[in-house]
Amino acid sequence: MINLVLFGPPGAGKGTQAKRLVEHYQLVHLSTGDIFRYNIKNQTELGSLAKSYMDKGNLVPDGVTIKMLESEVDKHHSAKGFIFDGFPRTETQARALDDFLAAKGMEVTVMLALHVDDQELTSRLKKRAETEGRADDANPEVIANRIAVYKKETSPVADYYKAKGKFESIDGIGAVDAIEARLKEAIDRRI
Ligand code: ADP
């Protein structure tokens, strides 16, 4: 079982890299952002709740997010492992994930943290706003808030995995193929 936590600020390239790693390692990709957007599109109750937070660039409350993530994991009984993309984003979520996996005899293999500077992030998000039409990418104030929320609430999650010796920092600048190779090298060292 391989359970990867893909970590990094908005625009770091988590989604792009997750797609490649999923194929290579035969894992199930769980992106909390994608699941929330799917629920918004389908006008579910969860979607309308999540939307009110996402539109401002704030985090969806932990209780809601954790419950949703756990039910997604439970849908994939025969999975060889998971890539968690956009989760955990708070220390509470990280602890919940550990407890949840431990109860199933599983654990997080490694957190892979993509490193990209603020200027590059802002420019990538602007480009993504044009191609993917995500509302939260189109508004500079919302982008700034997402980066601020990341620094305050999410970046401490890295320390949580560092303390467990499960942290790998990956340079997220350069060609997509080159970054993919860096990630695979770090994963292969751990499995
Ligand atoms: P990005 O990393 O580019 O901001 P995501 O698609 O990962 O994009 O997330 C979009 C939004 O979804 C976040 O700004 C937040 O509102 C919500 N979200 C995603 N994952 C989580 C999470 N683990 N906890 C709380 N909110 C989340």
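The values are calculated or read from the model by the stated rules, or taken from the named source; none is laboratory data. In this text the structure is predicted, and so the values were computed from the model without any measurement. Note: ideal-geometry Cβ built from the backbone for every residue, glycine included; neighbour counts use all protein chains shown. Surface accessibility is based on the protein's heavy atoms, side chains included, excluding ligands, DNA and RNA. Shrake-Rupley method; radii C 1.70, N 1.55, O 1.52, S 1.80 Å.
Restricted to the range 143-169, and to residues there that are of a type in the set (Asp, Glu) and part of a helix (DSSP H, G or I), the residue that is nearest to the ligand (Cβ to nearest atom) is Glu153. Across the range 12-44, the number of residues qualifying as within 12 Å of the ligand (Cβ to nearest atom), more than 24 Å from Val64 (Cβ to Cβ) and part of a loop (DSSP other than H, G, I, E, B) comes to 1.
Matching residues to (1) without any contact (Cβ under 8 Å) to a residue 12 or more places away in the chain; (2) β-branched (Val, Ile, Thr); (3) away from the ligand (no atom under 14 Å from the Cβ):
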site	(1), (2), (3)
Met54	no, no, no
Glu70	no, no, no
Phe84	no, no, no
Pro88	no, no, no
Ala103	yes, no, yes
Met106	no, no, yes
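Name every residue in the range 151-184 that is aromatic (Phe, Trp, Tyr) and either touching a Leu at 6+ places or on another chain (Cβ under 7 Å) or open to solvent by less than 40 Å² (accessible area, probe 1.4 Å) (or both), in order of residue number. Full working, then the answer.
The first filter runs over the range 151-184 and keeps only residues aromatic (Phe, Trp, Tyr), leaving 160-161, 167.
Hits for the range 151-184 are Tyr160, Tyr161.
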